[in-house]
1. Per DSSP helix of 4 or more residues, -39500 (n - 2.57); summed, then divided by the residues of the chain. What does that give at 222 nm, rounded to the nearest 500?
2. If you line up the long axis of helix 15-26 against the longest principal axis of the chain, both from Cα atoms, how many degrees apart are they, to the nearest 10?
3. Once you place label points 7 Å from the Cα toward the Cβ at ASN27 and GLN39, how far apart are they in nm?
4. What do you reckon, how do LEU18, LEU65, LEU9 stack up by accessible area (1.4 Å probe), largest on top?
5. Which angle from 0 to 90°, rounded to the nearest 10, does the C-alpha axis of helix 30-47 make with the longest principal axis of the chain?
6. Shape of the chain from its Cα gyration tensor (a ≥ b ≥ c, root eigenvalues): rounded if a/c is under 1.5, otherwise prolate when a/b > b/c, or oblate?
7. Would you mind checking the tilt of helix 50-64 against the longest principal axis of the Cα atoms of the chain, expressed as 0 to 90 degrees and rounded to 10?
8. Once you place label points 7 Å from the Cα toward the Cβ at THR6 and PHE48, how far apart are they in nm?
Amino acid sequence: IIHAKTGWLFEPGSAGALAQAIDYAMNLSPEARQAVSTQARERAVTVFSKEIMAQNTLNVYAEML
C-alpha cells in the first residue's frame, strides 16, 4: 500500500491490500482524516477544474482533426 497525501494506492485485484487500506483509513485520528480530506479536495479542484477538463477535451478534438 502506498500512503499518499490524498489517499492510498493498492494493488488492483488484491482484496487483502484493499482491506489494509480501508483498515488504515478507518483508524486515522480525526485530525489526520481531516488533513487527508482537505488535501484530496484541493487536488481534485486543481486537477479536475472545469477549465482544465474543457481544455483537455478540446485538445483531444484537435488531435482527432
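The values are calculated or read from the model by the stated rules, or taken from the named source; none is laboratory data. Remember, predicted model here, so these are calculated numbers, not experimental data. Neighbour counts are summed over all protein chains in view; Cβ atoms, including those assigned to glycine, are modelled from backbone coordinates with ideal geometry. Accessible surface areas use protein heavy atoms only, side chains included; no ligands, DNA or RNA. Shrake-Rupley method; radii C 1.70, N 1.55, O 1.52, S 1.80 Å.
1. Value at 222 nm, helices only, nearest 500: -22500 deg cm²/dmol.
2. Helix 15-26 sits roughly 80 degrees off the main axis of the chain.
3. Using points 7 Å along Cα→Cβ, the separation is 1.9 nm.
4. Correct descending sequence by accessible area is LEU65, LEU9, LEU18.
5. On a 0 to 90 degree scale, this one is about 10.
6. oblate
7. 50
8. With each label placed 7 Å out from Cα toward Cβ, I get 0.9 nm.
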